[in-house]
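Q: Submitted below is the structure of interest, expressed as structure tokens.
Each reported figure results from applying straightforward, stated rules to the coordinates on display, with no laboratory input. All values derive from a computational prediction rather than experimental measurement. All Cβ positions, glycine included, derive from the backbone under ideal geometry; neighbour counts span all protein chains shown.
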Ligand SMILES: C[S@@+](CC[C@H](N)C(=O)[O-])C[C@H]1O[C@@H](n2cnc3c(N)ncnc32)[C@H](O)[C@@H]1O
């Protein structure tokens, strides 16, 4: 996701739930494209050296991450609450040809309620999917349960340390990586990375350094 200035989670003028389908369908439908089309830099950094197996991309948006993984040979399940985003992602996949398109299954689901299959993926990636503290523990634990033994859970979000630079209406949506890591069962997981990682960004036309909350945890085999 390299849109650098995010409209942020709030109930919109029409009163739509900012984590629901109506909000996100309207947001995607309002523009031909929202995100850059490039895979997220933290996914590339963390997954480029992993052997391609089965991946789950939750909150896949317009599909750049899922397609990057598929191009590298992963079989990907890509999930989003927005049908508009999924249709756009699937169209992009078709442009890339049968081999890539055939490796991605696009699925509509609301991650707040949806339980992915257990121990089914060597990589579960959630990039900039921010949830309220009340639902976050269940969502993170269900995503963690989907990771196969030896596999990786990758959580990337906006780090709360930038809130004074980029004010957000709902700071409670942005946990530090360590806070997300604490939701995992310490007996079953090794937290390999939990940090605020700098990245170059543009905010309101100004070049600056922002930080991503990056958690990479590996399920013990
Ligand atoms: C900030 S965007 C990030 C998109 C993509 N991961 C990227 O980095 O380009 C958040 C995405 O999560 C999706 N989303 C929001 N709430 C969701 C929910 N409850 N369940 C599943 N997806 C959701 C949105 O439709 C949107 O595509």
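Q: Among DSSP beta bridges lying fully in region 21-219, give the percent that are antiparallel, nearest 5.
A: Close to 50 percent.
Q: Where does each of 164, 159, 65 land when they are ranked from fewest to most other beta-carbon atoms within 10 angstrom?
A: In order of increasing Cβ crowding within 10 Å: 164, 159, 65.
Q: At 0.36 nm per residue, minus the direct Cα-Cα distance, what do residue 199 and residue 75 gain on full extension? Give it in nm, one decimal, please.
A: Fully extending the segment from residue 199 to residue 75 adds 41.8 nm.
Q: Between residue 98 and residue 33, what is 0.36 nm times their sequence separation minus the Cα-Cα distance? Round to one decimal in nm.
A: Contour length minus the Cα-Cα distance gives 21.1 nm.
Q: Also: Taking the beta-carbon count within 10 Å as an exposure proxy, list 202, 209, 77 from fewest neighbours to most.
A: 209, 202, 77
Q: Also, quick follow-up: Rounded, prolate or oblate: which fits region 11-119, taking a ≥ b ≥ c as square roots of the Cα gyration tensor eigenvalues, rounded meaning a/c under 1.5, else prolate when a/b beats b/c?
A: Prolate shape, in that a/c is at least 1.5 and a/b is the bigger ratio.
Q: Find how much the distance from residue 119 to residue 161 grows on full extension, using 0.36 nm per residue of separation minus their present alpha carbon separation; answer in nm with one decimal.
A: 11.8 nm
Q: Taking the alpha-carbon centroid of each part, what is the distance from region 127-169 to region 66-85 in angstrom?
A: Each part reduced to its Cα centre gives a spacing of 18 Å.
Q: By count of other Cβ within 10 Å, fewest leading, how are 36, 49, 82 ordered?
A: Ascending Cβ contact count within 10 Å gives the list 49, 36, 82.
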